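S.K.: Okay, here's the structure, questions in a sec.
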Amino acid sequence: MREARLQLQDHSIESLRARFAEQGIEPWRAEQVAGWLYGRGIGDPAQWSDLPAALRERFAAEWEWHALDWDLVQRSADGTVKGRLRARDGALVESVLIPEGARTTLCISTQVGCPLACSFCATGALGFTRNLTVAEIVDQVCRMREQLVPGQRLTNVVYMGMGEPLLNLPAVLESARLLLHPKGFALGPRKVTVSTAGVVPKIATLLASVPVNLAVSLHAATDAVRDELVPLNRRFPLAALMGALRSLETVTARRPVFFEYTLIQGVNDAPEDARRLARLLRGLPSKLNVIPMNAHEDSPHRPPSEAVLTRFAGDLVRLGFTVTVRRPRGADIDAACGQLAGRGAQPAVASRV
Ligand code: SAH
């Protein structure tokens with residue numbers, strides 16, 4: 001049987017150098033290959049014109065340069081693009097490209113499904129299938145870049161798609177290194193954000209390993225409410241989570257913790273909830289992202305009224321916090337926060353590729 005081909009995107013540039021050396025290829029070819037694949041976004045070795053023809057043929061024969069194939073692309077009326085990509089085993093992986101002014105943010109997934117079962121999240125309702133490989137995380141960036149329109153450039157990457165990044169930490173770290181590497185995607189450290197529901201023992205490792213922004217999905221300021229919304233809270237309650245965050249040396253006013261707070265009607269949207277949240281976060285450099293709940297069929301929860309949303313955010317601003325309200329993007333194609341569940345749409349709004 002023919003040996004399985006090596007997956008280029010599973011390798012850091014350093015490990016690619018070592019691999020090449022073992023195969024009798026000059027190690028510096030690793031940077032050259034990364035320049036084509038990540039820098040210029042050209043995956044096919046046949047087009048790597050500054051490589052000798054024999055080497056191009058060898059790459060094409062021995063290596064794979066994509067881990068994901070297109071399954072479905074959906075474009076929202078607001079410019080958001082959701083990609084559904086198929087892994088070699090048939091697993092479906094979703095990513096969302098979100099243009100916002102000069103910035104274009106890509107939201108990527110780290111697992112197929114998610115084991116955390118947060119009560120308001122559609123991905124949680126799917127259950128967990130498996131972790132994504134490094135190449136499957138990185139290839140979401142390569143593939144989704146193919147959807148950029150002329151003049152548009154990818155500026156930010158957020159690990160906020162399907163799955164819990166800190167439960168797939170080794171692959172998340174390797175992928176983030178490729179995003180930040182000057183010969184990789186060369187994104188600036190403030191341009192990459194990893195979000196966690198609060199896997200406390202892994203947070204310090206993440207920040208000690210890669211200079212990314214940390215986002216924490218908080219959603220509640222009491223254990224009673226958070227236990228219901230984020231079952232992981234029963235293992236790592238608020239005191240443990242906040243204690244860990246307060247002890248991080250990398251957290252400063254210039255590098256605050258981003259807190260996501262999904263506002264849910266009648267659950268965590270009372271004036272008292274805003275005051276408790278303020279007390280919980282007091283003194284920790286932070287930015288608060290309030291996300292009105294995106295409704296979907298797997299959850300009984302509903303968004304708050306516009307008046308309640310404005311009051312909640314306003315209360316926290318008055319209490320001295322930096323608050324942004326994250327408006328739902330791509331809700332018409334199930335691409336908004338918490339809606340990623342592998343759903344397709346009618347062919348009228350979707351293009352199969
Ligand atoms: N598991 C990680 C990464 C996913 S990030 C984490 O929890 O941080 C996805 C974000 O969308 C999380 O903040 C999540 O809580 C939020 N979210 C999930 N379902 C949502 C919904 N229905 N409406 C709004 N936000 C939601």
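S.K.: If I filter segment 81-94 for residues that are out of contact with any Leu (no Cβ under 9 Å at 6 or more places or on another chain) and either within 17 Å of Asp139 (Cβ to Cβ) or surrounded by 22 or more Cβ atoms within 10 Å (Cβ to Cβ) (or both), do I get at least one hit?
M.R.: Yes, there is a match, as at least one residue in segment 81-94 is out of contact with any Leu (no Cβ under 9 Å at 6 or more places or on another chain) and either within 17 Å of Asp139 (Cβ to Cβ) or surrounded by 22 or more Cβ atoms within 10 Å (Cβ to Cβ) (or both).
S.K.: Just to be sure, is Gly113 open to solvent by 20 Å² or more (accessible area, probe 1.4 Å) and assigned by TED's automatic domain parsing to the domain that holds Glu260? Even if it seems obvious, please write down each step before you answer.
M.R.: Values: open to solvent by 20 Å² or more (accessible area, probe 1.4 Å): no; assigned by TED's automatic domain parsing to the domain that holds Glu260: yes.
In short, no.
S.K.: Mind telling me which of the residues Met160, Met144 ends up being under 28 Å from Ala91 (Cα atoms) and open to solvent by 50 Å² or more (accessible area, probe 1.4 Å)?
M.R.: On the way: Met144 fails: open to solvent by 50 Å² or more (accessible area, probe 1.4 Å).
Going through Met160, Met144 in turn, the sole match is Met160.
S.K.: Evaluate the following for Arg103: is it more than 15 Å from the ligand (Cβ to nearest atom), within 20 Å of Trp70 (Cβ to Cβ) and touching a residue at least 12 places away in the same chain (Cβ under 8 Å)? Even if it seems obvious, please write down each step before you answer.
M.R.: Details: more than 15 Å from the ligand (Cβ to nearest atom): yes; within 20 Å of Trp70 (Cβ to Cβ): no; touching a residue at least 12 places away in the same chain (Cβ under 8 Å): yes.
For Arg103, the condition - more than 15 Å from the ligand (Cβ to nearest atom), within 20 Å of Trp70 (Cβ to Cβ) and touching a residue at least 12 places away in the same chain (Cβ under 8 Å) - is not met.
S.K.: Filter segment 59-109 for residues that are assigned to a strand (DSSP E or B), more than 28 Å from Trp48 (Cβ to Cβ) and under 14 Å from the mean Cα position of the chain (by Cα) and give the result.
M.R.: Within segment 59-109, Lys82, Glu94, Val96, Ile98, Thr105, Cys107 qualify.
S.K.: Hey, does segment 131-150 have a residue that's in the same structural domain as Arg302 (by TED's automatic domain parsing), assigned to a strand (DSSP E or B) and within 14 Å of the ligand (Cβ to nearest atom)? Steps first, answer last, please.
M.R.: Quick first cut of segment 131-150, residues in the same structural domain as Arg302 (by TED's automatic domain parsing) only: 131-150.
With assigned to a strand (DSSP E or B) added as a condition, the list becomes 131.
Applying the additional criterion that residues be within 14 Å of the ligand (Cβ to nearest atom) yields 131.
Yes, segment 131-150 contains a residue that is in the same structural domain as Arg302 (by TED's automatic domain parsing), assigned to a strand (DSSP E or B) and within 14 Å of the ligand (Cβ to nearest atom).
S.K.: Filter segment 208-228 for residues that are part of a helix (DSSP H, G or I), of a type outside the set (A, V, I, L, M) and open to solvent by 10 Å² or more (accessible area, probe 1.4 Å) and give the result. Step through it out loud before you land on a result.
M.R.: Looking only at segment 208-228, we keep the residues that are part of a helix (DSSP H, G or I), and these are 208-209, 223-228.
Then drop every residue that is not of a type outside the set (A, V, I, L, M), which leaves 209, 223, 226-228.
The answer is Ser209, Asp223, Asp227, Glu228.
S.K.: Further question on the same structure: How do the pairs read when you match residues in segment 253-270 that are under 21 Å from Thr310 (Cβ atoms) with residues anywhere that are near the ligand (Cβ under 8 Å from one of its atoms) and among the aromatic types (Phe, Trp, Tyr), using Cβ under 8 Å and keeping only pairs 6 or more apart or on different chains?
M.R.: Within 8 Å, the pairs are Thr262/Phe120; Ile264/Phe120.
S.K.: Sticking with this one: Tell me yes or no: at least one residue of segment 250-260 is basic (Lys, Arg), modelled with pLDDT of 85 or more and touching a strand residue (DSSP E or B) at 6+ places or on another chain (Cβ under 6 Å). Show your work before the answer.
M.R.: Kept after step one, since they are basic (Lys, Arg), are these residues of segment 250-260: 254-255.
Retained after the next criterion (residues that are modelled with pLDDT of 85 or more): 254-255.
Then drop every residue that is not touching a strand residue (DSSP E or B) at 6+ places or on another chain (Cβ under 6 Å), which leaves none.
No, every residue in segment 250-260 fails to be basic (Lys, Arg), modelled with pLDDT of 85 or more and touching a strand residue (DSSP E or B) at 6+ places or on another chain (Cβ under 6 Å).
S.K.: If you go through segment 192-203 one residue at a time, do you hit one that is open to solvent by 40 Å² or more (accessible area, probe 1.4 Å) and basic (Lys, Arg)? It would help to see each step written out before you state the result.
M.R.: Filtering segment 192-203 for residues open to solvent by 40 Å² or more (accessible area, probe 1.4 Å) gives 201-202.
Narrowing further to those that are basic (Lys, Arg): 202.
For segment 192-203, residues open to solvent by 40 Å² or more (accessible area, probe 1.4 Å) and basic (Lys, Arg): present.
S.K.: Next up: Suppose the filter is within 13 Å of the ligand (Cβ to nearest atom) and surrounded by fewer than 24 Cβ atoms within 10 Å (Cβ to Cβ); does Ser119 pass it? Show your work before the answer.
M.R.: Working: within 13 Å of the ligand (Cβ to nearest atom): yes; surrounded by fewer than 24 Cβ atoms within 10 Å (Cβ to Cβ): yes.
Against the criterion (within 13 Å of the ligand (Cβ to nearest atom) and surrounded by fewer than 24 Cβ atoms within 10 Å (Cβ to Cβ)), Ser119 qualifies.
S.K.: I'd like to know if segment 25-47 contains one or more residues that are part of a strand (DSSP E or B) and among the hydrophobic types (A, V, I, L, M, F, W, C). Before the answer, list the steps.
M.R.: First, pick out the residues of segment 25-47 that are part of a strand (DSSP E or B): none.
The answer is no, given that none of the residues of segment 25-47 is part of a strand (DSSP E or B) and among the hydrophobic types (A, V, I, L, M, F, W, C).
S.K.: Is there a residue in segment 63-78 that is of a type in the set (Lys, Arg) and within 29 Å of Arg226 (Cβ to Cβ)? Can you show your working first?
M.R.: Step one: filter segment 63-78 for residues of a type in the set (Lys, Arg), giving 75.
Checking the rest, the ones that are also within 29 Å of Arg226 (Cβ to Cβ) come to none.
Within segment 63-78, not a single residue is of a type in the set (Lys, Arg) and within 29 Å of Arg226 (Cβ to Cβ).
S.K.: Can you pull out the helices (runs of 4 or more DSSP H) entirely within segment 238-353 that have at least 3 residues that are open to solvent by 20 Å² or more (accessible area, probe 1.4 Å) and of a type in the set (A, V, I, L, M, F, W, C)?
M.R.: On the way: elements: 238-246, 271-281, 306-318.
Filter on segment 238-353 gives 238-246, 306-318.
S.K.: Answer with yes or no whether Arg235 is surrounded by fewer than 18 Cβ atoms within 10 Å (Cβ to Cβ), more than 12 Å from the ligand (Cβ to nearest atom), within 19 Å of Val141 (Cβ to Cβ) and charged (D, E, K, R).
M.R.: Values: surrounded by fewer than 18 Cβ atoms within 10 Å (Cβ to Cβ): yes; more than 12 Å from the ligand (Cβ to nearest atom): yes; within 19 Å of Val141 (Cβ to Cβ): no; charged (D, E, K, R): yes.
Judged against the criteria, Arg235 is not a match.
S.K.: Quick check: is even one residue across segment 58-67 of a type in the set (Asp, Glu), at pLDDT below 95 and touching a helix residue (DSSP H, G or I) at 6+ places or on another chain (Cβ under 9 Å)?
M.R.: Within segment 58-67, one or more residues are of a type in the set (Asp, Glu), at pLDDT below 95 and touching a helix residue (DSSP H, G or I) at 6+ places or on another chain (Cβ under 9 Å).
S.K.: Out of segment 1-49, which residues are hydroxyl-bearing (Ser, Thr, Tyr) and surrounded by fewer than 15 Cβ atoms within 10 Å (Cβ to Cβ)? Let's see the steps before the verdict.
M.R.: To start, the set of residues in segment 1-49 that are hydroxyl-bearing (Ser, Thr, Tyr) comprises 12, 15, 38, 49.
Hits for segment 1-49 are Ser15, Ser49.
S.K.: Taking the condition away from the ligand (no atom under 13 Å from the Cβ) and in contact (Cβ under 8 Å) with a residue 24 or more places away in the chain, does Arg88 pass?
M.R.: Details: away from the ligand (no atom under 13 Å from the Cβ): yes; in contact (Cβ under 8 Å) with a residue 24 or more places away in the chain: no.
Criteria not met by Arg88.
S.K.: Please go through segment 163-191 and give me each residue that is within 15 Å of the ligand (Cβ to nearest atom), of a type in the set (A, V, I, L, M) and open to solvent by less than 20 Å² (accessible area, probe 1.4 Å), ordered by number. Reasoning before the result, please.
M.R.: We begin by selecting, within segment 163-191, every residue within 15 Å of the ligand (Cβ to nearest atom); these are 163-169, 171-172, 175-176.
Retained after the next criterion (residues that are of a type in the set (A, V, I, L, M)): 166-167, 169, 171-172, 176.
Within segment 163-191, Leu166, Leu169, Ala171, Val172, Ala176 meet the criteria.
The values are calculated or read from the model by the stated rules, or taken from the named source; none is laboratory data. Since the model is a prediction, treat every value here as computed from it, not as a measurement. As a convention, Cβ positions derive from the backbone with ideal geometry for all residues, glycine included, and neighbour counts pool all protein chains shown. Note: accessible area is taken over every heavy atom of the protein model, side chains too, but ligands, DNA and RNA are not part of it. Shrake-Rupley method; radii C 1.70, N 1.55, O 1.52, S 1.80 Å.
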